[in-house]
Amino acid sequence: MALTYTQPPSEKELGSLAPDFKLLGVDGRYWSLSDFSKHQALVVIFMCNHCPYVIAVQDRINALAREYGPRAVAVVGINSNDTQKYPADSFDAMKLRSREQGFVFPYLLDETQQVAREYGAVCTPDPFVFAQEGGRFVLRYHGRIDDSWKEPEKVSSRDLALALDAILSGARPGPQQQPAMGCSIKWR
């Protein structure tokens, strides 16, 4: 397990558009960016099954989806890991994890790893938050979920939730965003 950090987003990156995708979900349907067009914000989290950093926060991701879903925020999880070398991240294992954890968000497989490359994802979990602006999803946050990945009782700053609150109030999250950290994406 190689601990990897994201780079803080530049001003240019913070205005970039969400790359489109068409990925199979554990629910058996294909999902694309347009499926979330009625939402004010979209959280795309690159995640997987075996990473201890994801395991530590998966309940918080699910809770965030429950909390913000009624407020026109969509959450989607994308697994881009090499499933041949890491069978714990296979599509069947994803289905099982989603059922066991009761995920209330789409959990998608990026089998070619192209979507992770287009987004610039580097680790799991790696959250990107897009605001709906003029009919397009624009990147407004790329950073950590909160300030205590391992111990939820020690969380004092819910960075991702604060970014969503800013977007939902018509503002933009501040440019000083703390990097996400986790296991490196397992590239082929």
Residue list for segment 74-130, restricted to those being at positive phi and under 14 Å from the mean Cα position of the chain (by Cα) = Gly120
Glu133: passes all of (1) touching a residue at least 40 places away in the same chain (Cβ under 8 Å); (2) out of contact with any Leu (no Cβ under 8 Å at 6 or more places or on another chain) but (1)
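Conditions tested, residue by residue: (1) surrounded by fewer than 22 Cβ atoms within 10 Å (Cβ to Cβ); (2) closer than 24 Å to Ala18 by Cα; (3) of a type in the set (A, V, I, L, M, F, W, C).
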position	(1), (2), (3)
His50	yes, no, no
Ala56	yes, no, yes
Ala63	yes, yes, yes
Ala72	yes, yes, yes
Asn79	no, yes, no
Ala88	yes, no, yes
Ala93	yes, no, yes
Lys186 vs (1) basic (Lys, Arg); (2) surrounded by 15 or more Cβ atoms within 10 Å (Cβ to Cβ); (3) over 17 Å from Cys48 (Cβ atoms): all pass except (3)
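A quick yes/no check of all residues on (1) closer than 30 Å to Ala166 by Cβ; (2) part of a helix (DSSP H, G or I):
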| position | (1), (2) |
| --- | --- |
| Cys48 | yes, no |
| Asn62 | yes, yes |
| Gly69 | yes, yes |
| Ala74 | yes, no |
| Lys85 | no, no |
| Asp92 | no, yes |
Only listed residue being under 21 Å from Arg172 (Cα atoms), not in a loop (DSSP other than H, G, I, E, B) and not hydroxyl-bearing (Ser, Thr, Tyr), chosen from Leu108, Leu139 | Leu139
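Values in this text are rule-based calculations from the coordinates and carry no lab data. These figures come from a predicted structure and were not determined experimentally. Every residue, glycine as well, gets a Cβ built from its backbone with ideal geometry; the counts of neighbours run over all protein chains shown.
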